[in-house]
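*Asks:* My questions all concern the structure below.
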Amino acid sequence: MIRPLMKSRETILAAAILVLVLAIATRFPGFVAPSNLANVFNDTSPLIILALGQMVVILTRCIDLSVAANLALTGMVVAMLNMAMPGLPVPVILALAISLGALMGLVNGLLVWKLDIPPIVVTLGTMTIYRGIIFVISGGEWINAHEMSDAFKAFPREVVLGLPVLSWIAIAVVIGFIVLVGRTPLGRAFFAVGGNPHAAVYTGINVGLTQCAAYVISGALAGLTGYLWVARYAVAYVDIAGGFELEVVAACVIGGISIAGGIGSVGGALLGALFLGIVKNALPVINISPFWQLAISGSAIIIAVAFNATSSRAKGRVILKKAEHAA
Amino acid sequence: MSLATPDTGAQGRQIPDRLKSPLQRFLVSWELLLLIVAVAVFTLNSFASPYFLDPWNLSDATFNFTEKAMIAFAMGLLIISGEIDLSVASIIALASTAMGFAVQMGADTPVLVMIGLGTGLLCGAFNGFLVTGFGLPSIVVTIGTMSLFRGISYIVLGDKAYTGYPSSFAFFGQGYVWWVISFEFVLFALLAIVFAVILHKTNFGRAVYVVGNNPVGALFSGIRVPRVKFALFLITGLMSGVAAICLTSRLGATRPSIAFGWELEVVTMVVLGGVNILGGSGSIPGVVIAAFVMGMVTFGFGLLNVPGIVMSIFIGLLLIAVIALPRIAGRILARRKA
């Protein structure tokens, strides 16, 4: 394990976030009020949940660009179900959303596992297919607040112990991932497959199956977020969360998860998502047009990936020097 | 990413004593299969709609693919070399925004063209610098620049649009060289020939294949791998600039959402054209035929009143199917031999 390096990377990111928040606070003290920070966390919750799902996919040397389309399709399906059967209890809807999302993740996973198609091609393709299906099933119509039942809309907003359910779900997912990644054989397998697929095969890990499992997890979380998203904003249409997959990948890259696979941590993904969430919420406060956000997340991706690459390259050079001295 | 590491399998490639004749090779090629599909689509379209075979109608149909195909030629070379550029559509947005900005400053057509091409080159150089200078994976870099370039357009334009392009600028996207032959189609044909010559007849083209098949081997045989890759990113940026000029001229306006989602269609076109997404193989004639197929299919759907988003389902399915089908077929053949 390369614990010290990982720790330092997370500390740098945490420090950057702290500096950012303090800089905003000097001019707008209201931003750091606990209630506002709780709001920012709640607003970032969908990104945190999806970034964690994306993390395990990236750990296994894959990428899932279909998460936002999966989210939108699941959201539309549960919204239409709710419209047809307003009496359907929320736990049933949650279970349906998670299974439907997992099913779409499974499609990605099987294409990558069984047919060996490059992950980026698979998920670029399913991204457009899932989006297109939303149009086909909805006919391009919107489902608005008054067409959804009250219980359906209320669930993610319900306040328990001072925080909305949406925030609690994000916290639960973070804890779940700490256990999954750090304490289970599957979590180890994600790292092994990404770190060295050939070695993973020799240690008895089924590489394709592990990648497929990562896709199913990412899909299930996208499905869960789909319901939460639609219920929270009380609207469902074809283009919800358009382009959100890039923000999710950005959160992972900023959080120090190597796109080459095998390197990353739950804390990194969480901090990466929080960084983007804080930037997004701070822009209107410091009076910058929201149109800046796309360029900022783009620059953040580039800076983060360049930073990750230079830090890991320095390490490589040192090893080479040592080898030269030894020879 | 697994993009750069093609897995040739444990048994290695079987090399025959003698190459098959060019005709024999053509008969089993991906290009011939595509050509048959293209003819089939054309025939089906002419039965499906009585308006399809009108010369002006066919001329209109070419606008569906000429701009994307211009980028697809360069993207084809880039993918053969083992890299990818997902920022092409955003380069169009940025180049178009730059031209629109220049129009507000009172620039005329020649200046606009220079600005369009220059922005494309700059963006391509930026991508190429990040990929070759820092050794970063091109997928992540271009996902980042994809947000960055379009993001800059959004910062400049917000929810507004640039219009008021000079009338002489309209020629690039709306002009006709002779009868129904549009300027764009002529440019498309010329570029197809130029790229085919570059890829199939020059040392640089050979280098592109070598870099895609074996970057380390390429380095040891004296090819400056980073320089080749940088040049390819530069060319891809330039072609995006050319496409930006044509598209802006055709639409006569610039919005930050211009050419949204085109990167997917361009990559689909390249892959449909038989270019291996893992790098190392592919041809320009294949990409040209793929451009015709995709253009004809979307135009045919349009004549049948199929909404654009349903067409995108088809494009997504096509992208997965063209990669999956040869693999499934290969597996069945291998099983039969064994």
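Read-outs throughout are calculated quantities, based only on the coordinates presented, and are distinct from any laboratory measurement. Quick caveat: nothing in here was measured; it's all calculated off a predicted structure. Every residue, glycine as well, gets a Cβ built from its backbone with ideal geometry; the counts of neighbours run over all protein chains shown.
*Asks:* What's the magnitude of the charge dipole for chain A around its Cα centre, counting Lys and Arg as +1 and Asp and Glu as -1 at the beta-carbon? Answer in Debye, nearest 20.
*Replies:* Values: 18 positive and 12 negative charges, 253 e Å.
For chain A, the charge dipole is close to 1220 debye.
*Asks:* Something else now. Classify the range B:52-333 from the C-alpha gyration tensor, please: rounded if a/c falls under 1.5, else prolate or oblate depending on whether a/b exceeds b/c.
*Replies:* Numbers: a/c = 1.64, a/b = 1.20, b/c = 1.36.
It comes out oblate by the Cα gyration axes.
*Asks:* Given contacts defined as C-alpha pairs under 8 Å and at least six residues apart, what's the relative contact order of the range B:52-333, whole-number percent?
*Replies:* RCO, the range B:52-333: 35 percent.
*Asks:* Next question. Go through A:VAL305, A:LEU115, A:LEU186 and say which Cα lies farthest out towards the positive end of the charge dipole of the protein assembly as shown; charges sit on Cβ, +1 for Lys and Arg, -1 for Asp and Glu.
*Replies:* Farthest towards the positive end: A:LEU186.
*Asks:* Only Lys, Arg, Asp and Glu count, each charged at its Cβ (+1, +1, -1, -1), so figure out the dipole size of the range B:52-333 about its Cα centre, rounded to 20 debye.
*Replies:* 660 debye
*Asks:* Please name which of B:VAL225, B:PHE314, B:PHE169 has its Cα lying farthest along the dipole of chain B towards the positive end, using unit charges on Cβ (Lys, Arg +1; Asp, Glu -1) and the Cα centre as origin.
*Replies:* Result: B:VAL225.
*Asks:* Given the DSSP H assignment, sum -39500 (n - 2.57) over each helix run of at least 4 residues in chain A and divide by its residue total; what's the result at 222 nm in deg cm²/dmol, nearest 500?
*Replies:* One gets -26000 deg cm²/dmol as the mean residue ellipticity at 222 nm.
*Asks:* Mind giving me the nanometre distance, one decimal, between the label points for A:ILE288 and B:THR163, set 7 Å out from Cα along Cα→Cβ?
*Replies:* 3.2 nm
*Asks:* Quick check on chain B: helices-only [θ] at 222 nm, where DSSP H runs of length 4 and up contribute -39,500 (n - 2.57) each and the sum goes over total residues. Nearest 500, please.
*Replies:* Calculated at 222 nm, the ellipticity per residue is -22500 deg cm²/dmol.
*Asks:* Turning to a different aspect of this structure: What distance in nm separates the two pseudo spin-label positions at A:ALA23 and A:LEU110, each 7 Å out from Cα along the beta-carbon direction?
*Replies:* About 4.8 nm separates the two model spin labels.
*Asks:* In sequence order, what are the phi-derived ³J(HN,Hα) couplings for the range A:200-211 according to the Karplus relation 6.51 cos²θ - 1.76 cosθ + 1.60 with θ = phi - 60°, rounded to whole Hz, with x for glycine and proline?
*Replies:* Those phi angles translate into 4, 4, 5, 8, x, 8, 7, 4, x, 4, 5, 5 Hz.
*Asks:* Say R0 is 56 Å: what FRET efficiency, to the nearest 0.05, do B:VAL306 and A:ALA33 get from their beta-carbon distance? Please report the intermediate quantities before stating the final value.
*Replies:* Details: r = 52 Å, r/R0 = 0.93.
Once the sixth-power term is evaluated, E becomes 0.60.
*Asks:* A follow-up question, please. Round to a whole angstrom and tell me the spacing of the C-alpha centers of the range A:86-117 and the range B:106-153.
*Replies:* 37 Å
*Asks:* Let me ask something else about it. Mind listing the Cα extents of the range B:123-166 along all three principal axes, in Å, largest one first?
*Replies:* 41, 22, 12
*Asks:* While we're on this one: Among A:TRP168, B:TRP56, B:TRP30, A:TRP229, what is the fewest-to-most ranking by other Cβ atoms within 10 Å?
*Replies:* Working: A:TRP168 17, B:TRP56 10, B:TRP30 20, A:TRP229 25.
With the fewest neighbours first, A:TRP168, B:TRP56, B:TRP30, A:TRP229 line up as B:TRP56, A:TRP168, B:TRP30, A:TRP229.
*Asks:* Further, regarding this structure: For the range A:180-202 and the range B:179-205, write down the distance between their C-alpha centroids in whole Å.
*Replies:* What the calculation gives is 48 Å, centre to centre.
*Asks:* OK, next. Take each of the peptides B:268-277, B:195-204, average the number of other beta-carbon atoms within 10 Å over its residues, and list them starting from the highest.
*Replies:* Values: B:268-277: 25.5, B:195-204: 14.6.
Peptide ranking by packing, descending: B:268-277, B:195-204.
*Asks:* Also, I was wondering about something else. Hey, got the dipole for the protein assembly as shown? About the Cα centre, +1 on K and R Cβ, -1 on D and E Cβ, debye to the nearest 20? Please list the in-between numbers first.
*Replies:* On the way: 37 positive and 25 negative charges, 445 e Å.
It works out to roughly 2140 debye.
*Asks:* Something else about it: Measure nothing fancy, just the Cα-based angle from helix A:244-254's long axis to the longest principal axis of chain A, in degrees from 0 to 90, nearest 10.
*Replies:* Orientation of helix A:244-254: about 30 degrees from the principal axis.
*Asks:* Another question, then. When N is the residue count of the range B:183-338, what does its C-alpha Rg come to as a fraction of 2.2 N^0.38 Å? Please report the intermediate quantities before stating the final value.
*Replies:* Details: Rg = 18.2 Å, N = 156, 2.2 N^0.38 = 15.0 Å.
Compactness ratio reported: 1.22.
*Asks:* I would also like to ask the following. Considering the alpha-carbon set of the protein assembly as shown alone, what are its Rg and its Dmax in angstrom?
*Replies:* Reported Rg and Dmax, both Å: 25.3, 78.
*Asks:* Compute the angle between helix A:3-27 and the longest alpha-carbon principal axis of chain A, please, reported from 0 to 90 degrees and rounded to the nearest 10.
*Replies:* Once rounded, one gets 50 degrees.
*Asks:* Oh, and also: Sequence gap at least 6, Cα distance under 8 Å: using those rules, report the relative contact order of the range B:139-273 to the nearest whole percent. Each step should come with its number before you reach the end.
*Replies:* Numbers: 79 pairs, mean separation 52.3, N = 135.
Relative contact order, the range B:139-273: 39 percent.
*Asks:* At R0 = 30 Å, how high is the FRET efficiency between B:THR43 and B:LEU317 if r is their beta carbon distance? Nearest 0.05 is fine. Mind showing how you got there, number by number?
*Replies:* On the way: r = 21 Å, r/R0 = 0.71.
Step by step, r from the Cβ atoms, then E = 0.90.
*Asks:* While we're here: Can you tell me the order of B:128-141, B:69-82 when each peptide is scored by its average per-residue count of other Cβ atoms within 10 angstrom, highest first? Mind dumping the intermediate values first?
*Replies:* On the way: B:128-141: 21.1, B:69-82: 28.9.
Per-residue mean Cβ counts within 10 Å order the peptides as B:69-82, B:128-141.
*Asks:* Continuing with this model, one more query. Which one, B:GLY280, B:PHE260, B:GLY106, projects farthest toward the positive side of the charge dipole computed for the range B:52-333 from Cβ point charges (K/R +1, D/E -1)?
*Replies:* B:GLY280
*Asks:* Based on other C-beta atoms within 10 Å, arrange A:TYR130, B:TYR209, B:TYR51 from fewest to most.
*Replies:* Details: A:TYR130 25, B:TYR209 19, B:TYR51 11.
Result, fewest neighbours first: B:TYR51, B:TYR209, A:TYR130.
*Asks:* Say R0 is 51 Å: what FRET efficiency, to the nearest 0.05, do B:ALA329 and B:ALA125 get from their beta-carbon distance?
*Replies:* E(calc), rounded to 0.05, equals 0.80.
*Asks:* Note down the relative contact order for chain A as a percent, whole number, built from C-alpha pairs under 8 angstrom at least six residues apart.
*Replies:* With pairs under 8 Å counted, the relative contact order is 32 percent.
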